[in-house]
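Notes to accompany the following structure.
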Amino acid sequence: MRMTARGLNRSTLARQLLLRREALDAAEGVRRVVALQAQQPASPYVALWNRLAGFDPAGLDAAFTEHLVVKATMMRLTLHAVHADDHPAFREAMHPVVRASRLGGRFTASGLTAKDADALVPRLLEFADRPRTTAECEAWLGEQLGAPPKAGAWWGLRQYTPLLHAPTASPWSFGHRPSYIAPRSGAPRTAPEASAASLRTLVLRYLSGFGPASVADVAQFAMVTRARARAALAELAGGLDRLAGPEGEELFDLPGAPRPDGAEPAPPRLMAMWDSVLLAYADRGRVLPEAYRRTVIRANGDVLPTLLVDGYVAGVWRPVAGGVEATAFHSLPDDAWEGLAAEARSLVGFLADREPEVYRRYGHWWSRLPDATVRLLPGS
């Protein structure tokens, strides 16, 4: 079977609950979409608002508090919110990457070694049996070392240790000053064979939420080498469908997974900052046209909140007095503007009791946008 570019787009939207909102609770919604980018505290909430019918943010508050959904450094070494059942395997799959990237020069410049980190991890997890602030953790580390830790020591150790972010503050459960807590599932396995087995689990979950996908896509999502991604897919190959992509590239998918033919309409959406559908592939053109990539994904890694029209990024948005300011990078038909206006009214109501000017701290990017069509979509 050969997939068209539009068919790949619609397959992604179907898996990501973006063709129609589904009536699911927050934890099950997170399980279905596999992983939500969570660098910005509001974004998992806005992401679920886009995907779930009648989404109540209190449901995600409760899921975080009850550890049904957890937030931690995982894929691509960035913060993600995932279902608690997925976290152990995801973290085990990422272990070699985390170890190599966080126990290198910046960490060893503090005078510590990777062997020191391995000795400290179980003690830190024991200390983090309840939420601990950064100051508490740094003081604890100083006690363990017999001297205040040097620059780089806590930076490397906190990310190498499989700590979760503990809910700390309204309006979005987490603030910009994190606290840490040990996972209830205990420390992940670190043996190479455990990491390889867990990577296979991660690949299956990735395909369920983002497939069909190539070796390069898997490597991009997990930030593992293509050799590791290829080996995992080879081990799983007997249970996967093999497809051809638009350019003839080999794609893998779960048997029976939804693959719309591309004809199904895709409703407009106001996507969260760092939404996973923009970042989960080596070829981000599946949802984000190449012409707009550098405008949406800024040089420092900020990924702006986007307009999704007919399944593809068509511009960006931000809350302003009176509603939502929508900036379209190309001409949009009247029915698209009408759909975006309806979404804006709903989003303004959703944000009203939490953070009406969400993402305000990123507003400086709007002075650097190219010439485009700008409309105020009223909030009521």
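The values are calculated or read from the model by the stated rules, or taken from the named source; none is laboratory data. Predicted, not measured: the structure shown is a model, and the values here were computed from it. Note: ideal-geometry Cβ built from the backbone for every residue, glycine included; neighbour counts use all protein chains shown. Heads up: the accessible areas ignore ligands, DNA and RNA and are worked out on the full protein's heavy atoms, side chains in. Shrake-Rupley method; radii C 1.70, N 1.55, O 1.52, S 1.80 Å.
Annotations for the structure displayed:
- Subset of segment 209-235 (residues that are open to solvent by 30 Å² or more (accessible area, probe 1.4 Å) and either under 15 Å from V277 (Cα atoms) or not basic (K, R) (or both)): Q220, M223, T225, A227, A231, A234, E235
- Residues within segment 119-141 that are in contact with a strand residue (DSSP E or B) (Cβ under 6 Å, 6 or more places away or on another chain) and in a loop (DSSP other than H, G, I, E, B), tallied: 2
- Positions within segment 148-199 being assigned to a helix (DSSP H, G or I), under 21 Å from P131 (Cβ atoms) and touching an Asp or Glu at 6+ places or on another chain (Cβ under 6 Å), in sequence order: W154
- Filter result (in contact with a Leu (Cβ under 8 Å, 6 or more places away or on another chain), open to solvent by 40 Å² or more (accessible area, probe 1.4 Å) and part of a helix (DSSP H, G or I)) within segment 317-360: R345
- Being out of contact with any strand residue (DSSP E or B) (no Cβ under 7 Å at 6 or more places or on another chain) and closer than 14 Å to G156 by Cα is a description that applies to D116.
- Residue match in segment 267-284 (condition: surrounded by fewer than 23 Cβ atoms within 10 Å (Cβ to Cβ), out of contact with any helix residue (DSSP H, G or I) (no Cβ under 6 Å at 6 or more places or on another chain) and among the acidic types (D, E)): yes
- Filtering segment 22-51 to residues that are out of contact with any Phe, Trp or Tyr (no Cβ under 8 Å at 6 or more places or on another chain), open to solvent by 10 Å² or more (accessible area, probe 1.4 Å) and not in a helix (DSSP H, G or I) leaves E22, A23, L24, D25.
- Number of positions in segment 361-375 that are part of a helix (DSSP H, G or I) and either open to solvent by 50 Å² or more (accessible area, probe 1.4 Å) or under 15 Å from F55 (Cβ atoms) (or both): 4
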